Structures are given as C-alpha cells and as structure tokens.
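We did not get these values from a lab; they are worked out from the coordinates using the rules stated. All of these numbers come straight from a predicted model, not from anything done at the bench. In this analysis, Cβ positions are derived from the backbone assuming ideal geometry, glycine residues included, and neighbour counts consider all displayed protein chains.
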C-alpha cells in the first residue's frame, strides 16, 4: 500500500475581496516565509489573480497540488514549496 503524502505544515491565506495585484503580492510574500515541504492554501475570488498565482507557482518551481472551486466564484489553490 502506497504512503499518503503529508505536508510538513499547512498555511492558509484568505484573500477573498482583494483585487490585483494584492493576492499575488501577498501570496509571494507568504511563500518566501515557508520551508520546503510546507503547503499554502490560497482562497480567492478574483479570476485574474487565480491565473496569475498559477503562473507564479510554475515560474518559481513550486508544486501546484490543486485548484478547487469551493463555492461559486471562490477558488482554493494549493501549492507546495519544494
């Protein structure tokens, strides 16, 4: 039986109500504070920020675990710092 992946620590940023560029800036700031293996969940309601945060994860070599629409027009992006 395969072991289930577990993050070292999980952090959450609730950025609902923020518009560009604040979700991106706050996400980048928080990611700098994390250790390798930590997971950041970003909850947001800004479609442009959703796209940009995905790009940040790819650009910075982070592992994007999932994007989930948790309610209409609200998404949770889960990123692991490698």
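A few notes on this one:
- Against the conditions (1) touching a strand residue (DSSP E or B) at 6+ places or on another chain (Cβ under 8 Å); (2) surrounded by fewer than 17 Cβ atoms within 10 Å (Cβ to Cβ); (3) free of Cβ contacts under 8 Å to residues at least 40 places away in the same chain, residue 61 satisfies every one except (1).
- Taking the criterion of being part of a strand (DSSP E or B) and more than 17 Å from residue 18 (Cβ to Cβ), the residues of the range 58-70 that qualify are 63, 64, 65, 66, 67, 68, 69.
- Positions within the range 17-43 being part of a loop (DSSP other than H, G, I, E, B) and at negative phi, in sequence order: 18, 19, 20, 21, 34, 35, 36, 38
- Boolean, residue 79 is surrounded by fewer than 18 Cβ atoms within 10 Å (Cβ to Cβ) and either at negative phi or assigned to a helix (DSSP H, G or I) (or both): no
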